[in-house]
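Take a look at the structure set out below.
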Amino acid sequence: MSRLLKQQQALLPAPAHEIAEQMAEAGYKVTQPRLAVLRAAVALDKAFTVHELEQWLLQRNESPGIASIFRTVKLLCDLELFQRIHGLEDCHRYSISGGHAHHLICVSCGALQSFDNCGLRDLITTLEQQTGYHINDHVLELFGRCPRCLAV
């Protein structure tokens, strides 16, 4: 564990600390800007955009700058610690990765619900047989309004 991570351990929410440890184990430096992005991601507790991370950090005078935030989010996606969620309006959202998952995303408030079984296994097998492709991954994201937004 890095010296900075040890110093910050008591100040970091547990999920942010776990991600920082995984980043360090993968050989990447744990820096203040990266820890700030992790704190923001954990605090937002929903699917978030880079600009939402920046706003959260600006409100607390902790923003390392939009370029650093983008670089950190890209690194965390590359390490599969964040998951990129394709948006409807050319704006990607991100979530803390819990492994392979699919998402229901509220278009009103950004609430995110993950689910595992997408029911595509049979379709994938059929497509492989019909096309000769070997399909090794897929993405399923569904957009709508969550129960809380529907009630308003």
Being in contact (Cβ under 8 Å) with a residue 12 or more places away in the chain, outside the structural domain of Val30 (by TED's automatic domain parsing) and not hydroxyl-bearing (Ser, Thr, Tyr): is that true of Val42 here?
no
Tell me which of these Ala111 doesn't satisfy, since it passes every other one: (1) at pLDDT below 95; (2) exposed (fewer than 13 other Cβ atoms within 10 Å of the Cβ).
(2)
Among (1) at pLDDT below 85; (2) not assigned by TED's automatic domain parsing to the domain that holds Glu25 - the single one Leu104 does not satisfy:
(1)
Residue among Leu58, Leu140 that alone is aliphatic (A, V, I, L, M) and over 16 Å from the mean Cα position of the chain (by Cα)
Leu58
Residue set Phe82, Phe48, Phe70; condition among the hydrophobic types (A, V, I, L, M, F, W, C), in the same structural domain as Gln8 (by TED's automatic domain parsing) and touching a Gly at 6+ places or on another chain (Cβ under 8 Å); output residue Phe48
Reported set for region 45-77 where residues are exposed (fewer than 15 other Cβ atoms within 10 Å of the Cβ) and within 16 Å of Ile19 (Cβ to Cβ) is Asp45, Lys74
Only one of these conditions is not met by Arg84: (1) surrounded by 14 or more Cβ atoms within 10 Å (Cβ to Cβ); (2) more than 19 Å from Pro15 (Cβ to Cβ). Which number is it?
(2)
Identity of the residue in region 121-141, of a type in the set (A, V, I, L, M, F, W, C) and modelled with pLDDT of 85 or more, that ends up nearest to Cys77 (Cα to Cα):
Ile135
Could you go through region 1-16 and let me know if any residue there is within 22 Å of Ser114 (Cβ to Cβ) and in contact with a Leu (Cβ under 7 Å, 6 or more places away or on another chain).
yes
Segments classed as strands (runs of 3 or more DSSP E), wholly inside region 84-152, with at least 2 members that are without any contact (Cβ under 8 Å) to a residue 40 or more places away in the chain, within 24 Å of Ala16 (Cα to Cα) and touching a strand residue (DSSP E or B) at 6+ places or on another chain (Cβ under 7 Å):
112-115
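The values are calculated or read from the model by the stated rules, or taken from the named source; none is laboratory data. Nothing here was measured: the structure is a model prediction, and the numbers come from that model. Positions of Cβ are generated from backbone atoms using ideal geometry, with glycine treated the same way; all protein chains shown enter the neighbour counts.
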